[in-house]
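There's a structure below that I have some questions on.
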Amino acid sequence: MSLAYRVSIYNRQRKWKTFQRLIQPTAATSILDVGFSDKEYLATENFLEKNYPYPEMITALGIDVPDEFTQRYPKVKAIRYDGQIFPLADQSFDLCWSNAVLEHVGSQADQVIFIKEIKRVSRQAFITTPNRCFPIEVHTRVPLLHFLPKPLFDGYLRLIGKKWATGSYMNLLSLAKVKELLRLAKVQDYRIIKNKFLGFTLDFIIVW
C-alpha cells in the first residue's frame, strides 16, 4: 500500500469522525450524497455508502450510470443527472454529503451553481474539497507545479501522460476561493474546518 493511499484512508476516516461528531445523524436522517462513483478503483470511493449504517436513508446523485453502484449498494436510491440543476425538490433532504466533488464540477460559475443547489435541496451540508495550497496536488501526486496558472499546469500534465486530470476535471480551491464561492452562493452561516497534515492544510470541510 502506497504512502499516498494510506494518507487518503487516514484522512477520509478523520473526516468521517468529524461528520459523526458535528452532524450526529440518526436513523431518521435523510441524506443526499452528491457525486457517487459507479466504478470503484479504490476502497476510499463511495465512502458514505460503505460506512453509513442506514443505507436506505441515502439518495446518491451523480453523472454516472449507476450500474455497478446499484449492485453494490442495493438499498441506496441512485439518480443520474446532467451535472447542473439537481432533479430534486426544495429542502427535500435533512443533509447533503459531498466528499471531494466540488473541485470537479467545472468553472467557478459551475461551482457556485453546485453550492446553490446543495443549499436549495438540503437543510444542512457537509462538503469537503482539497486545498490548492497543499504542496502536493492530491489527484496527480505532482508537487508544487499546481501553483502555476492552470493552462501551464494542464500542459505539464499532458506531457507526463495525465491528460485525464486537465481541463474541467479539476479546479482546485484555496481558502479564499472557498469563501468567495460561499459568498456568491449566498451561504452565510457556515463553518470551515482545516484538516492538517504535516503542518499544512490538506483539505477543507465546509459545514452549514
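Looking at T128 and the list (1) in contact with a helix residue (DSSP H, G or I) (Cβ under 9 Å, 6 or more places away or on another chain); (2) surrounded by fewer than 19 Cβ atoms within 10 Å (Cβ to Cβ); (3) part of a strand (DSSP E or B), which single condition is not satisfied?
Of everything listed in (1) in contact with a helix residue (DSSP H, G or I) (Cβ under 9 Å, 6 or more places away or on another chain); (2) surrounded by fewer than 19 Cβ atoms within 10 Å (Cβ to Cβ); (3) part of a strand (DSSP E or B), T128 misses just condition (2).
How many of the residues making up the stretch 20-49 are touching a Ser or Thr at 6+ places or on another chain (Cβ under 9 Å) and at pLDDT 95 or above?
9
Right, next: Considering each of L157, L202 in turn, give the residue that is assigned to a strand (DSSP E or B) and modelled with pLDDT of 95 or more.
None of the other options fit; the residue is L202.
Go through (1) surrounded by fewer than 13 Cβ atoms within 10 Å (Cβ to Cβ); (2) part of a loop (DSSP other than H, G, I, E, B) and name the single condition C133 misses.
(1)
Look through the stretch 172-208, keep the residues that are in contact with a Cys (Cβ under 9 Å, 6 or more places away or on another chain) and surrounded by fewer than 16 Cβ atoms within 10 Å (Cβ to Cβ), and return whichever of them is nearest to D154 (Cα to Cα).
The qualifying residue nearest to D154 (Cα to Cα) is S174.
Are there strands (runs of 3 or more DSSP E) fully within the stretch 1-84 with at least 3 residues that are of a type outside the set (F, W, Y) and surrounded by fewer than 19 Cβ atoms within 10 Å (Cβ to Cβ)? List them.
Where strands (runs of 3 or more DSSP E) fall fully within the stretch 1-84 and carry at least 3 residues being of a type outside the set (F, W, Y) and surrounded by fewer than 19 Cβ atoms within 10 Å (Cβ to Cβ), they are 77-80.
The values are calculated or read from the model by the stated rules, or taken from the named source; none is laboratory data. Predicted, not measured: the structure shown is a model, and the values here were computed from it. Please note: Cβ atoms are built from the backbone with ideal geometry, for glycine as well, and neighbour counts cover all protein chains shown.
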